[in-house]
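Asks: Here it is: the structure, laid out below.
The values are calculated or read from the model by the stated rules, or taken from the named source; none is laboratory data. Everything quoted here is computed from the prediction, not taken from an experiment. When we count neighbours, we look across all protein chains shown, and the Cβ atoms used for this are built from the backbone with ideal geometry, even at glycine.
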Amino acid sequence: MSTSTFSQERNDHPAIKDKHYYQSLGSDQLVTGFMLLAAGITGIHIANAKGNDLSATPAFVTKAAIVGGAILIISSANSKKKARTMNAFLKMETVPVLKQCSIDCQYFPSLCLVFHPQKQSAN
């Protein structure tokens with residue numbers, strides 16, 4: 001898909017959510033979740049060491065970080081599970097196309113299937 005704006009062309013293809021996308025999303029969510037969880041636990045320990053009241057605003061922020069970290073860790077497991085079960089997906093393939101005496105690349109969707117060989121049991 002190309003659009004012309006002031007005699008310029010842009011060939012932006014839509015983001016395809018394939019197996020690699022969900023694997024990297026799961027890894028990013030896991031790292032961010034553990035960082036938030038560690039920051040929240042550290043904040044509560046610092047507040048307890050100083051003798052601060054845990055109902056104050058900074059303690060609320062650290063509790064929110066712990067809950068947000070736990071939610072991200074759970075969603076990372078869901079993303080990795082989705083990546084493991086993905087068998088078919090759309091992928092944007094580039095095809096050279098002749099446009100006004102020049103060759104340009106145009107994106108077309110293609111269906112990709114992944115076949116997992118079955119394990120044979122030992123008889």
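Asks: At pLDDT below 85, touching a Phe, Trp or Tyr at 6+ places or on another chain (Cβ under 6 Å) and part of a strand (DSSP E or B), is that true of residue 112? Let's see the steps before the verdict.
Replies: Numbers: at pLDDT below 85: yes; touching a Phe, Trp or Tyr at 6+ places or on another chain (Cβ under 6 Å): yes; part of a strand (DSSP E or B): yes.
So residue 112 passes the test.
Asks: Considering only residues of the range 64-83 that are over 15 Å from the mean Cα position of the chain (by Cα) and either loosely packed, with under 14 Cβ neighbours inside 10 Å or among the polar types (S, T, N, Q) (or both), which is modelled with the lowest pLDDT? Full working, then the answer.
Replies: Restricting attention to the range 64-83, the residues satisfying the condition of being over 15 Å from the mean Cα position of the chain (by Cα) are 64-70.
Those left that are additionally either loosely packed, with under 14 Cβ neighbours inside 10 Å or among the polar types (S, T, N, Q) (or both): 64, 67.
Working: 64: 89, 67: 93.
The selected residue is 64.
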